[in-house]
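Visitor: Please see the structure below; I have some questions.
The values are calculated or read from the model by the stated rules, or taken from the named source; none is laboratory data. Treat the numbers as computed from the prediction; the structure is a model and nothing was measured. All Cβ positions, glycine included, derive from the backbone under ideal geometry; neighbour counts span all protein chains shown. Areas reflect the complete protein model, heavy atoms only, side chains present, ligands, DNA and RNA absent. Shrake-Rupley method; radii C 1.70, N 1.55, O 1.52, S 1.80 Å.
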Amino acid sequence: MANVGLQFQASAGDADPQTRPLLLLGQLHHLHRVPWSHVRGKLQPRVTEELWQAALSTLNPNPTDSCPLYLNYATVAALPSRVSRHNSPSAAHFLTRLVRTCLPPGTHRCILMVCERADAFASACALARAFPLFTHRSGASRRTEKKTVTVEFFLVGQDNGPVEVSTLQCLANATEGVRLAARIVDTPCNEMNTDTFLEEIKKVGKDVGITPTIIRDEELKTRGFGGIYGVGKAAVHPPALAILSHTPDGATQTIAWVGKGIVYDTGGLSIKGKTSMPGMKRDCGGAAAILGAFRAAVKQGFKDNLHAVFCLAENSVGPNATRPDDIHLLYSGKTVEINNTDAEGRLVLADGVSYACKDLGADIILDMATLTGAQSIATGKYHAAVLTNSAEWEAACVKAGRKCGDLVHPLVYCPELHFSEFTSAVADMKNSVADRDNSPSSCAGLFIASHIGFDWPGVWVHVDIAAPVHAGERATGFGVALLLALFGRASEDPLLNLVSPLGCEVDAQEEDSERDSKRRRLV
């Protein structure tokens with residue numbers, strides 16, 4: 001899959017499936033709406049109309065099903081016909097699995113995706129997750145041929161006209177962002193160290209015409225970024241704070257995306273065990289998602305000021321490593337007593353959100369991180385956890401997750417009950433909770449929020465993606481689609497406007513919540 005090029009076209013054209021293998025994919029009631037005249041050229045002479053209709057009649061998805069049409073060259077697969085209210089109507093997770101298991105082999109292949117227009121964005125991002133870019137298998141290096149998968153959408157239901165060129169470009173940019181994020185997360189730290197991550201940021205900056213601001217190593221210390229510096233100072237490759245800033249004319253508000261970029265997490269001196277440390281190359285998933293989403297958002301005409309803030313460090317062990325009992329002064333001006341060096345993500349993000357507030361003047365700050373192992377207990381493997389000071393944005397995150405396939409579910413937001421878990425006798429706070437049974441994922445997010453202040457009048461959103469950042473041993477690129485959908489109303493692109501929950505009609509309860517909170521909304 002690593003050498004696969006993914007292409008989106010309005011029409012993939014006709015071809016014998018023996019020369020261009022084909023996967024037809026969609027919910028069963030949608031597949032029944034595809035006229036034979038549309039698929040005939042992609043299936044003949046190997047498959048007749050009678051065989052096509054017979055295959056559809058045999059499908060009984062529970063939750064999915066598939067049927068070969070011609071040997072292993074053509075297959076039709078059905079997604080679940082119904083999903084629960086906390087799932088995406090696109091059935092995105094099932095879509096990725098079906099592509100991985102049902103797509104016929106070949107150098108040049110085709111996927112005909114049958115769905116409603118509202119599900120096209122989520123479906124495209126789900127398709128992208130099936131084609132990871134990173135591999136170091138020796139056989140892959142010997143294969144020089146470039147494989148391609150051409151995706152054609154057949155839209156059914158309301159607004160079922162042809163797919164516009166602008167929509168195809170949006171899908172291409174979004175899926176490139178998903179695959180970029182997944183590649184960074186899949187790459188081990190002996191390659192994806194802080195130096196390499198900075199090179200990835202510079203490449204994206206060059207691609208969109210932006211020069212990043214970079215603060216590194218001892219400069220972090222002298223400028224007061226005690227969280228990022230304290231976490232990364234023991235590593236061979238020094239820590240960094242990097243910022244990509246998109247400031248278009250006519251912007252009406254300032255948005256900051258802050259990403260946790262721990263390229264490897266040993267746990268520091270509070271070292272992880274031999275079973276919990278493998279996989280910690282994924283601890284940069286938040287920063288990777290923000291990088292992929294920023295590239296796509298700028299390319300799609302983001303209308304407001306958008307800053308991507310990357311908090312990069314390797315939480316390593318060495319003579320200079322932070323010790324439990326050390327006290328660090330963070331960029332917020334608050335002091336933190338370290339009682340667990342493995343609670344490092346909140347330290348780097350605290351500096352990141354403080355910078356976004358004090359130096360960038362952000363109205364909306366969203367931080368994204370693989371923050372807590374407890375997230376998978378709180379919201380599961382498929383749903384990221386959201387913690388926010390705004391009821392409206394909490395609801396918007398859930399809606400955006402359903403529309404884009406990056407599912408989200410709320411955590412308890414109650415700082416007056418939970419923040420006391422960080423009480424310290426000698427500093428403003430400790431960095432890890434006293435009681436690990438008291439909503440630790442919520443508490444970890446509140447630690448970050450405390451460094452901009454619980455009375456800050458702007459919107460703060462924290463998204464913990466620890467579990468959904470990977471599926472098995474592969475990264476998912478989770479978070480890219482969520483950011484693009486959540487902030488879709490700040491884009492000029494009609495498709496991103498369509499999947500964005502903000503700026504749309506809200507029910508009376510949400511309107512009351514909006515009036516009570518008096519928070520800014522994205523329009």
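Visitor: Name the lysines eligible as straight-distance cross-link partners of residue 299: C-alpha to C-alpha under 25 Å, and not fewer than 8 places from it in the same chain.
Guide: 202, 203, 206, 260, 399, 403
Visitor: Then there's this: Work out from phi, with θ = phi - 60° and the Karplus expression 6.51 cos²θ - 1.76 cosθ + 1.60, the ³J(HN,Hα) of each residue of segment 91-105, listed in order in whole Hz, and give x for Gly and Pro.
Guide: Ordered by residue, 3J(HN,Hα) equals 6, 4, 5, 5, 4, 4, 5, 5, 5, 5, 9, 10, 5, x, x Hz.
Visitor: Let me ask you something else. Can you pull the percent of segment 153-308's accessible area that's carbon plus sulfur, 1.4 Å probe, other chains left in place?
Guide: 50 percent
Visitor: Counting other Cβ atoms within 10 Å, keep those with at most 15, restrict to DSSP loop, and tell me which trypsin sites (Lys or Arg not before Pro) in segment 418-510 are left.
Guide: Loop-located and lightly packed - 436.
Visitor: Then there is this: If 402, 33, 295 are ordered by their accessible area, calculated over protein heavy atoms with a 1.4 Å probe, which sequence runs from highest to lowest?
Guide: 33, 402, 295
Visitor: Counting only heavy atoms of the protein chains, get the accessible area per residue of the chain (1.4 Å probe) and round it to a whole Å² value.
Guide: 39 Å²
Visitor: Treating only the Cβ atoms of Lys and Arg (+1) and Asp and Glu (-1) as charged, compute the dipole magnitude of the chain about its Cα centre; round to the nearest 20 debye.
Guide: Value, rounded to 20: 1620 debye.
Visitor: While we're on this one: So which aspartates and glutamates can residue 281 reach, going by Cα to Cα under 18 Å and dropping same-chain residues fewer than 8 places off?
Guide: 186, 191, 195, 199, 200, 265, 314, 342, 344, 464, 473
Visitor: Here is a follow-up. Taking +1 at the Cβ of each Lys and Arg and -1 at the Cβ of each Asp and Glu, which of 312, 62, 370 sits farthest along the dipole of the chain towards its positive end, judged by Cα position relative to the Cα centre?
Guide: Going by the Cα projections, it comes out as 62.
Visitor: Give the range of the longest stretch in the chain that excludes all GluC sites (Glu not before Pro) found in loop regions by DSSP and having at most 16 other beta-carbon atoms within 10 Å.
Guide: Between the exposed loop sites, the longest stretch runs 192-472.
Visitor: On to the next question. What nm value, rounded to one decimal, do you get for the distance between residue 211 and residue 166 when each label is placed 7 Å out toward the C-beta?
Guide: Output for this residue pair reads 3.3 nm.
Visitor: Check which residues have an amide H placed less than 5 Å from residue 458's amide H, if you skip close sequence neighbours.
Guide: It is none; the list stays empty.
Visitor: Quick one: angle between helix 345-358 and the longest Cα principal axis of the chain, in degrees between 0 and 90, rounded to 10, please.
Guide: 80 degrees
Visitor: Using θ = phi - 60° and the Karplus relation 6.51 cos²θ - 1.76 cosθ + 1.60, list the HN-Hα couplings for segment 224-240 in order, rounded to whole Hz, with x at every Gly or Pro.
Guide: x, 8, x, x, 5, 5, x, 6, x, 6, 8, 7, 5, 9, x, x, 7
Visitor: Next up: Compute the signed sum of charges (Lys and Arg +1, Asp and Glu -1) over the other residues within less than 11 Å, Cβ to Cβ, of residue 276.
Guide: Net charge around residue 276: 0.
Visitor: Does anyone have the angle between helix 49-58 and the longest principal axis of the chain? Alpha-carbon axes, 0 to 90°, nearest 10?
Guide: The two axes meet at around 50 degrees.
Visitor: Still on this structure, please answer the following. From the protein chains alone at 1.4 Å, what is the descending order of accessible area for 443, 189, largest first?
Guide: Output order, biggest surface exposure first: 189, 443.
Visitor: Further question on the same structure: Run the numbers on the chain and let me know its relative contact order in percent, using alpha-carbon pairs under 8 Å that are six or more apart.
Guide: With pairs under 8 Å counted, the relative contact order is 15 percent.
Visitor: Moving on. Measure nothing fancy, just the Cα-based angle from helix 120-129's long axis to the longest principal axis of the chain, in degrees from 0 to 90, nearest 10.
Guide: Tilt of helix 120-129: around 80 degrees.
Visitor: For segment 47-100, which trypsin sites (Lys or Arg not before Pro) are both in a DSSP coil and crowded by at most 13 other Cβ atoms within 10 Å?
Guide: 82, 85
Visitor: How much solvent-accessible surface does residue 221 expose, in Å² to the nearest 10, with a 1.4 Å probe and all protein chains in place?
Guide: Its heavy atoms expose roughly 120 Å² to the probe.
Visitor: Check each of the chymotrypsin sites (Phe, Trp or Tyr not before Pro) in segment 375-466 and keep only those in coil by DSSP with at most 13 other C-beta atoms within 10 angstrom; list them in order.
Guide: 454
Visitor: Tell me which aspartates and glutamates have Cα within less than 14 Å of residue 42's Cα, excluding those fewer than 8 residues away on the same chain?
Guide: Residue 42 reaches 14, 16, 152.
Visitor: What does the extension gain come out to for residue 86 and residue 247, with contour length at 0.36 nm per residue minus their alpha carbon separation?
Guide: 54.4 nm
Visitor: Restricting to bridges with both residues inside segment 63-171, how much of the DSSP beta-bridge set is antiparallel, in percent to the nearest 5?
Guide: DSSP beta bridges in segment 63-171 are roughly 35 percent antiparallel.
Visitor: Near the amide H of residue 76, under 5 Å away, which other amide H atoms are found, from residues 5 or more places off or on another chain, if H is placed in the peptide plane?
Guide: Counting only residues 5 or more places away or on other chains, the set is 24, 67, 69.
Visitor: Under the rule of -39500 (n - 2.57) per DSSP H run of 4 or more residues, summed and divided by the residues of the chain, what mean residue ellipticity at 222 nm is obtained, to the nearest 500 deg cm²/dmol?
Guide: -10000 deg cm²/dmol, from helical runs alone.
Visitor: While we're on this one: Quick one: 3J(HN,Hα) in Hz for segment 247-253, Karplus 6.51/-1.76/1.60 with θ = phi - 60°, rounded, Gly and Pro as x.
Guide: 10, x, 5, x, 5, 10, 7
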